[in-house]
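Derivation of every value follows stated rules applied to the coordinates shown; laboratory data play no part. In this text the structure is predicted, and so the values were computed from the model without any measurement. Cβ: placed from backbone, ideal geometry, glycine included. Neighbour counts: every protein chain shown.
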Amino acid sequence: MSHLLWKTLVLSPVVLGVTVLVCARAMAAEVVSSSKDIKAKVTQTEAPIASAASIFIQTEQPKVNQQLVAQKTDDNKVLEEVNRYSSEDKNQNSLSQVTSVSQFSDVQPTDWAFQALQSLVERYGCIAGYPNSTYRGNRALTRYEFAAGLNACLDRVNELIATATGDLVTKQDLATLQRLQEEFSAELATLRGRVDAVEARTAELEANQFSTTTKLVGEAIFAVSDIFGGNTGDANNTVFQDRVRLDLQTSFTGKDVLHTRLAAGNALAFNQVGNDGSTIRTAEGTQTFQIGSTSNNSVIIDWLSYYFPVGNSQVYIAAYGGIQSDYVPTVNPYFEDYDGGNGALSTFASESPIYRIGGGAGVGVNLAFGKGGGGFQPSLTLGYLGSQANNPGLNTGLFEGNYAALGQLNLKLGDRITLAATYVHGYHNGGTVLFDAGSASTTTGVVGTAQANFVGAGNPYLSNSYGFEAAFKPSDKLSISGFAVYSDITGLGANDNAQVWSYGAGVALPDLGKKGNVLGIFAGIEPYVGGNTADKPYHFEGFYKYRVTDNISITPGVIWLTNPGQIAGNNDDAIIGTLRTTFTF
């Protein structure tokens, strides 16, 4: 292992603490200021497909909102792209610039030019967009507005000359047009140059677009990571890991979205070793970018789902790779990024473990009550996912294999407080884990100790889990969130009943140092078996996401685990240091 990296990671908590102390005074001032002018929280992408979900949870970003840019009409999409293209490479593709203030002088209704053009418009119907092909009222026009109308008349007259058999356009009108052309030649040239540029950009977009109904949203994560502490530190080396996700988002109606996501990666969790030298079977310290990795960068389809609205509600159908947080609010803003690269480092800090119970294929629905806005906004989320839904064998399939049925009541109290109460009932075949996130083949789970995951002693078992989640945002610069989970395990074998507990809380400081940055501190206990006399497996985490650009962020962070594995006699603490870079496009 690198001694330099070790020293850096050891100092990371100190640096994190100094950052908080230095920024405390400035942040306090910002909180006081923001309390005087509280702004309504608006999700970054208000997609119609996620509008129902956003009614009851505005303190976080639903997964569909995070990945789905608002579905617009085709015309709006083209104009948006044209606007983006027109801002690129201005030095090389600059249009004619206004060089005189006088060019913006109004053309008054009493001016000869105004009256002349008005006469042409009425005679030849040049501007069909206005009622009766006339100007809407005798209001003053800017020279560019006037030139646009003049250009329309020129095009109309040329069309009539080319197609007419009689003397439809009079010589007097042609003379008037010629005079108007000379008077507004600069404005006409500018307008036509802009139109030519728009047409060229539009043609380029149409020629190179992937699909008229599908867009690509991507994320690539590079992470340098290492783990330290006793035998665990000696058993691992510094690693450089990656994960890439390419999400094809298709809309058929403008309000629905079909997700077809490809993923590849080589990220593996660290091996943790106990005091006796044996490997600890645990999912503690698992990081979000290590979820769904194939370890050899082979490409797979890791998520296939479809969202569509029904009235004021939203329906979610997962054909493959679905997880509970796809459709239910997790009430953990700034830490939750749906296992992406812009939230917390670990699976534990990103969302309550109750959302890791079950997954795969199934359906979910958000039943929203009310019309949104401020005040009291309740909603109900229901879902069913089976992790062996594609297997037709015995004790498998959609209903006979592993499954988890979820119900959650969501309460939004104004713009600052969100509460949720969650219940999950699950069935788990022998040898499968409790916190599997839909992967029946996982050997450790994705969060928690081995005791908490393998509670059935190799036998099938039932789980009834109860969770409570809360988020409080006293200002735009501070967010506090937390959760508590209790799972009652009923084994279908002898003496394999158990109770599993977990709880945690975090403080996030958004926009610290720069808009888009986030400082997060989280602490709690990873899922563990109650009644075990060993010390509880505490989890402490700190990270700082620095937004380099709109599409690049760098996140250094530290995860500190006490007594990993919940072993009697207490294993050495483990410290994971990570430097994560995330590219989104």
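Pairs of alpha carbons in region 191-231 separated by more than 12 Å make up 76% of all such pairs.
Please report how far the C-alpha centroid of region 165-242 lies from that of region 509-574, rounded to the nearest whole angstrom. If you average the Cα positions of each part, the centres end up 40 Å apart.
Remark: for residue pairs 473/515; 477/545; 255/515; 473/545; 473/514, the C-alpha separation exceeds 25 Å in 255/515. Using R0 = 22 Å, the C-beta based FRET efficiency linking residue 390 and residue 492 works out to 0.40.
Once the Cβ-Cβ distance of residue 299 and residue 148 is raised to the sixth power relative to R0 = 35 Å, the FRET efficiency obtained is 0.10. For residue 568, the shell of other residues with beta-carbons less than 13 Å away shows a net charge of -1, using +1 for Lys and Arg and -1 for Asp and Glu.
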